[in-house]
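Structure first, then comments.
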């Protein structure tokens, strides 16, 4: 408990960090003004409300697990990435550190948590992963689908050099046109997949 009050006081005016304390019943017993400003969509403070009020339901178990770890190893900070309601039917990503709180006689009294918004980082990472997947797909198309019509065109050009027959030239011209059209379709598919 000795570290909680000074940390709360230090970060009370922070616009970057969120600080909260959750009691042993799972209710907020303290929320920083910044946390209330971002996650209290009911027009009043979150103090006294269940911690699940602000969380994506899939992350409830993550909180329970990290909270349990906090009491098993009380001298360490335990981390979790959690999705919080944004008040617009969506979520923001946050990163947290948890630490168990004990009263003066050593009885558990709650969990202190300090967190911050990582949505921009997560969205940038997701965009980079999507672009990487697109690039992989384009490379695959180029290495397989482009090579076949291109090889056909090169082979047909070589065949053109060795023929004088009008019938053969006409046939080779038709095959050359077909391979060129196939290559054009593949290039259009690659363009449609572009990186945005």
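What's the exposure ranking of 91, 18, going from fewest to most Cβ atoms within 10 Å?
91, 18
Starting from the Cα of residue 60, step 7 Å along the direction of its Cβ; do the same at residue 89; then give the gap between the two resulting points in nm.
The modelled label-to-label distance comes out at 2.2 nm.
Counting only helical runs of four or more DSSP H residues, what would the 222 nm mean residue ellipticity of the chain come to if each run contributes -39,500 (n - 2.57) and the total is spread over all its residues?
-16000 deg cm²/dmol
Go ahead and set up a Gaussian network model of the chain, Cα springs under 10 Å, then flag whichever of 109, 170, 32 fluctuates most.
170
Can you put 113, 63 in order, fewest other beta carbons within 10 Å first?
By the 10 Å Cβ count, ascending, the order reads 63, 113.
Determine the distance separating the Cα centre of segment 16-79 from the Cα centre of segment 149-196; give it in Å without decimals.
Comparing the Cα centres of segment 16-79 and segment 149-196, I get a distance of 64 Å.
Need one number: convex hull volume per residue for segment 128-193, Cα atoms only, in Å³. The partial results should precede the final answer.
Numbers: hull volume 3.7 nm³, N = 66.
So the per-residue Cα hull volume is 56 Å³.
Based on alpha-carbon atoms only, what is the radius of gyration of the chain relative to the globular estimate 2.2 N^0.38 Å?
1.87
When a footprinting reagent is the concern and you count Cβ atoms within 10 Å, what order do 71, 41 take, fewest first?
41, 71
With no solvent and one point on each alpha carbon, what is the Debye value of log10 I(q)/I(0) for segment 1-102 at q = 0.11, 0.18, 0.21, 0.25 Å⁻¹?
The computed values of log10 I(q)/I(0) come out as -0.31, -0.89, -1.25, -1.74.
Throughout, read-outs are computed from the coordinates displayed, never taken from laboratory work. The structure presented is a predicted model; accordingly, all values stated were derived computationally and were not measured. A quick note on method: Cβ atoms are made from the backbone with ideal geometry, for glycine too, and the neighbour counts reach across all protein chains shown.
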